[in-house]
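Input: a single structure, listed below in structure tokens.
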Amino acid sequence: MEGKLLDHKANDLLELFGAGRPTPGSGSAASLQAMLSAKLILTVIKLTGKDKFKPTYDNVLPELRRRELDINDRIYPELENLFQQDSDKFDEYIRAYKEWEAEKNPEKREHLHRIKLDRLAEATENTVAIAQFSVGLAEVGEFIFKNAFKDVRGDSAVALSGAIAALAGCISIVELNLVSFTSRDEWSCEVQEEISMLKIKHRELLGKAAECAGLLEKENADIHHQAFLKIVTDLRSGKWEELTTSESSIEKLARDVQNVLWMYRDLIWKKDVPENYIDVLKPEVAINRLLGYQFGYASLGRFVAEDGREYEAAGEIDKGRRVVRVSGDMRPSVRNFTAAHELGHALLHSGNVLHRDRPLDGSDENKDVREKQADKFAAFFLMPGTLVTSYFYELFGMDRFVADENTVFKLRGGVPSAFRKRIEEIGGLAYYLATVEYFNGRSFNSLAKIFNVSRKAMAIRLKELGLVEE
């Protein structure tokens, strides 16, 4: 190939590698990879040596300077030469191979065969040299990852992994080249021995790269855990008590709790970690793991409510003792809404007096302000607007359901006028859609089942979200 490869512009050079020609080939590519690692190492060293970072890294700067000098004065210039030489030597090998292939005379073919192998041996030795330099660069990459400027460990990691990749490539190239040397002479045995040593080094370096990745993983896990502890402390501080009163602020608080459960699900669940957002909407988990309350199911007996009527207790919260209990005698959907309701009380309302709630379905009939707020929180927590809307569209294929001839037919609802009369008797279209399990030839779990809430709670939410035209 005419001219120096490194004189080409970057894009033109990459085009040469992808042009489908024998050269520049894999050896030059490995050398280029090692050169890039060298430059990244130099960048990390330069950044580490800046005045504002010197106090932090003063103890390692002498060693970094020594390695910087070695790369600039020895390693990089050698790699530059090897980058070009590999292409040149392999060009010579290709020419010799073509001459040998075209020659018919046996004696001349034998002579050309020896020349061909000599050229291949020279190219192989260049590749071994690239591999050795790659080992040195990988070792420097590990050192700077662990000891140099921490904020650019991405550069250090790419330098390390790039040098290891160059080494792996060189090992494969050399082993492929050795296949052509059918008789094992002293030279090929020495090269094979060198490759065996490089393989051992490669395995060691892979372990060191994994160790570096593990250090970052642990560091991120520590940061992740500390952030979680800070959020938990914040949630337990009582900062929202009696202050979060508007629907929008209650919805935001519910959304914040949902996001904490999702973002930190690995720390909260540890085993059987939820994979879907809807599966983290567990009020009992938020009560116990986020707020630190004891949570359990029990038979709570009966009590007289503010309206003077006697009810079976569905749930109770004792903020002083930090205990929440939910009746185990209720339907699962009622238990779920009650638990979310108590979670709302725990976050929104002050006071250490034992508080009991009657069975809850999401309606706000004859309830005081605090009970309505806790109900709102439960609805927002268990039935997030974006999630309900998404599932609604998935099941019915529309953003807003209108009961016309087409949609009633898809519901197997019969004559539209009779269908409308029938749904009026059960409370309206929203109540029907909350529990319907068939539409347009497809069966599915109802929205009420998906979100584990009562028909009434889901119907109210569908209306609030404007998903149903009554």
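Hey, any hits in region 320-336 for a residue that's polar (S, T, N, Q), under 17 Å from Q373 (Cα atoms) and not in a loop (DSSP other than H, G, I, E, B)?
Of all residues in region 320-336, those polar (S, T, N, Q) come to 327, 333, 336.
Still in the list and also under 17 Å from Q373 (Cα atoms): 336.
Remaining after also requiring not in a loop (DSSP other than H, G, I, E, B): 336.
Among the residues of region 320-336, at least one is polar (S, T, N, Q), under 17 Å from Q373 (Cα atoms) and not in a loop (DSSP other than H, G, I, E, B), which makes the answer yes.
Limited to region 171-180, what total is found for residues that are surrounded by fewer than 16 Cβ atoms within 10 Å (Cβ to Cβ) and either touching a residue at least 60 places away in the same chain (Cβ under 8 Å) or among the polar types (S, T, N, Q) (or both)? Reasoning before the result, please.
We begin by selecting, within region 171-180, every residue surrounded by fewer than 16 Cβ atoms within 10 Å (Cβ to Cβ); these are 172, 175-176, 179-180.
Filter again for either touching a residue at least 60 places away in the same chain (Cβ under 8 Å) or among the polar types (S, T, N, Q) (or both), leaving 172, 180.
Here the count works out to 2.
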* Residue in region 429-440 that is more than 21 Å from L281 (Cβ to Cβ), crowded, with 20+ Cβ neighbours inside 10 Å, touching a residue at least 40 places away in the same chain (Cβ under 8 Å) and touching a helix residue (DSSP H, G or I) at 6+ places or on another chain (Cβ under 6 Å) present -> yes
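Go through region 445-462 and give me each residue that's within 20 Å of Y277 (Cβ to Cβ) and either touching a strand residue (DSSP E or B) at 6+ places or on another chain (Cβ under 7 Å) or surrounded by 15 or more Cβ atoms within 10 Å (Cβ to Cβ) (or both). First the steps, then the outcome.
Restricting attention to region 445-462, the residues satisfying the condition of being within 20 Å of Y277 (Cβ to Cβ) are 445-453, 457-458, 461-462.
Across region 445-462, the qualifying residues are S446, L447, A448, K449, I450, F451, N452, V453, A457, M458, R461, L462.
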* Structure fact -> Flagged in region 333-344 as over 33 Å from the mean Cα position of the chain (by Cα) and surrounded by fewer than 24 Cβ atoms within 10 Å (Cβ to Cβ), in numbering order, are V334, R335
* Looking at (1) acidic (D, E); (2) closer than 30 Å to G351 by Cα; (3) surrounded by 13 or more Cβ atoms within 10 Å (Cβ to Cβ); (4) touching a residue at least 24 places away in the same chain (Cβ under 8 Å), find the lone condition where E194 falls short. => (2)
* So, in region 358-392, of the ones that are at pLDDT below 95 and not charged (D, E, K, R), which residue ends up farthest from L281 (Cα to Cα)? -> N366
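Tell me, yes or no, whether region 120-130 has at least one residue that is more than 30 Å from I200 (Cβ to Cβ), surrounded by fewer than 22 Cβ atoms within 10 Å (Cβ to Cβ) and not aromatic (F, W, Y).
Filtering region 120-130 for residues more than 30 Å from I200 (Cβ to Cβ) gives none.
Within region 120-130, not a single residue is more than 30 Å from I200 (Cβ to Cβ), surrounded by fewer than 22 Cβ atoms within 10 Å (Cβ to Cβ) and not aromatic (F, W, Y).
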* Asked: What is the one condition in (1) under 22 Å from A165 (Cβ atoms); (2) not in a loop (DSSP other than H, G, I, E, B) that P22 does not satisfy?
  -> (2)
* To do: Confirm whether I164 is under 26 Å from K39 (Cβ atoms), among the β-branched types (V, I, T) and touching an Asp or Glu at 6+ places or on another chain (Cβ under 8 Å).
  => no
* Looking at S156, is it polar (S, T, N, Q), part of a helix (DSSP H, G or I) and crowded, with 24+ Cβ neighbours inside 10 Å? -> yes
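Please determine whether any residue of region 410-419 is surrounded by 13 or more Cβ atoms within 10 Å (Cβ to Cβ) and either of a type in the set (V, I, T) or in a loop (DSSP other than H, G, I, E, B) (or both). Before the answer, list the steps.
Residues of region 410-419 surrounded by 13 or more Cβ atoms within 10 Å (Cβ to Cβ): 410-411, 413, 416, 419.
With the extra rule that they be either of a type in the set (V, I, T) or in a loop (DSSP other than H, G, I, E, B) (or both), the set shrinks to 411, 413.
For region 410-419, residues surrounded by 13 or more Cβ atoms within 10 Å (Cβ to Cβ) and either of a type in the set (V, I, T) or in a loop (DSSP other than H, G, I, E, B) (or both): present.
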* Taking the stated definitions as given, is L13 of a type in the set (A, V, I, L, M), over 16 Å from A148 (Cα atoms) and without any contact (Cβ under 8 Å) to a residue 40 or more places away in the chain? -> yes
* Report, ordered by the first and then the second residue, all pairs with beta carbons closer than 7 Å, sequence separation of six or more or different chains, a first member in region 229-257 that is under 17 Å from F381 (Cα atoms), and a second member that is polar (S, T, N, Q) and modelled with pLDDT of 90 or more. => T245/Q373; I250/Q373
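Okay, residues lined up against (1) free of Cβ contacts under 8 Å to residues at least 12 places away in the same chain; (2) farther than 21 Å from R66 by Cα:
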residue: E142; (1), (2): no, no
residue: F145; (1), (2): no, no
residue: D155; (1), (2): no, no
residue: A163; (1), (2): no, no
residue: A166; (1), (2): no, yes
residue: G169; (1), (2): no, yes
residue: T182; (1), (2): yes, yes
residue: W187; (1), (2): no, yes
residue: C212; (1), (2): no, yes
* Asked: Can you spot a residue in region 25-35 that is in contact (Cβ under 8 Å) with a residue 24 or more places away in the chain, surrounded by 11 or more Cβ atoms within 10 Å (Cβ to Cβ), of a type outside the set (D, E) and not in a helix (DSSP H, G or I)?
  -> yes
* N288 is checked against (1) within 23 Å of the chain's Cα centre (by Cα); (2) surrounded by 15 or more Cβ atoms within 10 Å (Cβ to Cβ) and fails just one. What number does that condition carry? -> (1)
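Here's the yes/no breakdown for (1) touching an Asp or Glu at 6+ places or on another chain (Cβ under 7 Å); (2) exposed (fewer than 13 other Cβ atoms within 10 Å of the Cβ); (3) under 27 Å from K150 (Cβ atoms); (4) not acidic (D, E):
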{"position": "A38", "(1), (2), (3), (4)": "no, no, yes, yes"}
{"position": "I41", "(1), (2), (3), (4)": "no, no, yes, yes"}
{"position": "I45", "(1), (2), (3), (4)": "yes, no, yes, yes"}
{"position": "T48", "(1), (2), (3), (4)": "no, no, yes, yes"}
{"position": "I75", "(1), (2), (3), (4)": "no, no, yes, yes"}
{"position": "F83", "(1), (2), (3), (4)": "no, no, no, yes"}
{"position": "S87", "(1), (2), (3), (4)": "no, no, no, yes"}
* Asked: Which one of these does T407 not meet: (1) surrounded by 15 or more Cβ atoms within 10 Å (Cβ to Cβ); (2) under 29 Å from S248 (Cβ atoms); (3) in contact with a strand residue (DSSP E or B) (Cβ under 7 Å, 6 or more places away or on another chain)?
  -> (2)
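Which members of region 383-402 meet the condition of being in a loop (DSSP other than H, G, I, E, B), surrounded by fewer than 20 Cβ atoms within 10 Å (Cβ to Cβ) and either touching a helix residue (DSSP H, G or I) at 6+ places or on another chain (Cβ under 7 Å) or at positive phi (or both)? Explain how you work it out, then say what you get.
Initial filter on region 383-402 (in a loop (DSSP other than H, G, I, E, B)): 383-384, 397-400, 402.
Next cut, surrounded by fewer than 20 Cβ atoms within 10 Å (Cβ to Cβ) only: 397-400, 402.
G397, D399 - these are the residues of region 383-402 that are in a loop (DSSP other than H, G, I, E, B), surrounded by fewer than 20 Cβ atoms within 10 Å (Cβ to Cβ) and either touching a helix residue (DSSP H, G or I) at 6+ places or on another chain (Cβ under 7 Å) or at positive phi (or both).
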* So how many residues does region 290-319 have that are modelled with pLDDT of 85 or more and either out of contact with any helix residue (DSSP H, G or I) (no Cβ under 6 Å at 6 or more places or on another chain) or more than 19 Å from L348 (Cβ to Cβ) (or both)? -> 8
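The values are calculated or read from the model by the stated rules, or taken from the named source; none is laboratory data. The model shown is predicted, which means the values in this text are computed figures rather than measured ones. For neighbour counting, all protein chains shown are included, and Cβ atoms are generated from backbone atoms with ideal geometry for every residue, glycine included.
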